[in-house]
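In what follows, a structure is listed as structure tokens, so that the remarks can point back to it.
The values are calculated or read from the model by the stated rules, or taken from the named source; none is laboratory data. This one's a predicted model, so the numbers in the text were calculated from it and none came from an experiment. For neighbour counting, all protein chains shown are included, and Cβ atoms are generated from backbone atoms with ideal geometry for every residue, glycine included.
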Amino acid sequence: MQTILGANGQIAEELTRELYKNYTKNIRLVSRNPKKVHETDQLFPANLMDSQSTKKAVEGSEIAYLTVGLPMNSKMWEDQFPTMMKNVIEACKKYKVKLVFFDNTYMYAKTSEPQTEESPFVPIGRKSIVRAKMSEMLLNEINNKTIEAVICRAPEFYGPNKTQSITNTLIFDSIQQNKKLKVPLKVNTKRTLIWTPDASRAMALIGNSSDTYNQTWHLPCDDSRPTYKELIDLTSKIYGKEFAYSVVKMWQFKIGSLFIKKLKELQELLPRYKYDNIFSSDKFKKKFPDFKVTSFENGINQIKAEQ
């Protein structure tokens, strides 16, 4: 059996579909209120903040995927994420379950330096520090050979359905709502974005490969890395409509953060939009050369088809 911990988000839902399609029909979905994706999915309501519930959720699994997400709230992240990670690690150690951890890039330096699996952690900001701590907790266990685990790291998302990201919110959600598009800070910096179904497909592939464990993998992205201007130009071409946009400056975000809590929580992430974001997935592509990465053109066409 393969178990998904944090089973209601877009990444987890796509992961469930990929596991069912290509790897196993024996899938357990774990969250506070899990919902079936397939009729055969086993639902297991559990709170990962509780160590005993977490152990029961993991028991009997061959592989567990930690894909849990929390709202953009620094205090909630500090209070909950490290505890969840500790409980999941202990549960997987107890029952000899392989752990696949879905991670982000918050702990990397917010500069134009290329990001690889060997990039150092330079966390700035409360949420970034929490994510670095979670990764370090798991890396310590891997280095001590107490667990068989793998870290799958992804940059910012864009994608279909319930995909949540700054790019989806400011670009594709704005199109659906007939609003003017907005670009954070700069229109001409390169962006590495991952198509959410690609992230889930790649994570399932890594989790079900015998020689990928006890290391970190950057999940595969389209390496064209368009600027926001190029992304909007391509989107306009696909939709057959010229989309107007405005650039939201840092001072505007700061003023907005005085009144809107969500904007306040975004402050520590915004510096990454001042620089090119060069996230390298060369290691994955060399290991899995037949994996088909979704192009921006194909991805945007799929988003358009849903709207």
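Worth pointing out:
- Met107 being in a loop (DSSP other than H, G, I, E, B) and more than 18 Å from the chain's Cα centre (by Cα): no
- Taking the numbered list (1) surrounded by 15 or more Cβ atoms within 10 Å (Cβ to Cβ); (2) under 25 Å from Leu139 (Cα atoms); (3) not aliphatic (A, V, I, L, M) in turn, Pro34 passes all entries but (2).
- Residues being of a type in the set (Asp, Glu), within 21 Å of Pro71 (Cα to Cα) and either assigned to a helix (DSSP H, G or I) or touching a Pro at 6+ places or on another chain (Cβ under 8 Å) (or both) - total across the stretch 250-307: 1
- Only listed residue being of a type in the set (Lys, Arg) and under 15 Å from the mean Cα position of the chain (by Cα), chosen from Lys249, Lys162, Lys229: Lys162
- Residue identified as within 19 Å of the chain's Cα centre (by Cα) and modelled with pLDDT under 95 among Leu269, Leu205, Leu193: Leu269
- Restricting the stretch 137-146 to residues that are in a helix (DSSP H, G or I) and loosely packed, with under 13 Cβ neighbours inside 10 Å, the residue that is nearest to the chain's Cα centre (by Cα) is Asn140.
- Residue-level analysis places Lys75 among those that are of a type in the set (Lys, Arg), surrounded by fewer than 20 Cβ atoms within 10 Å (Cβ to Cβ) and part of a helix (DSSP H, G or I).
- Subset of the stretch 181-226 (residues that are among the small types (Gly, Ala, Ser) and either closer than 18 Å to Glu118 by Cα or surrounded by fewer than 18 Cβ atoms within 10 Å (Cβ to Cβ) (or both)): Ser209, Ser210, Ser224
- When each of Gly256, Gly207 is tested for being free of Cβ contacts under 8 Å to residues at least 12 places away in the same chain and among the small types (Gly, Ala, Ser), the lone residue that passes is Gly256.
- Among the residues of the stretch 1-60, the ones that are among the polar types (S, T, N, Q) and in a helix (DSSP H, G or I) come to 7 in all.
- Candidates in the stretch 159-180 are the residues that are outside any helix (DSSP H, G or I) and in contact with an Asp or Glu (Cβ under 9 Å, 6 or more places away or on another chain); of these, the one that is surrounded by the most Cβ atoms within 10 Å (Cβ to Cβ) is Gly159.
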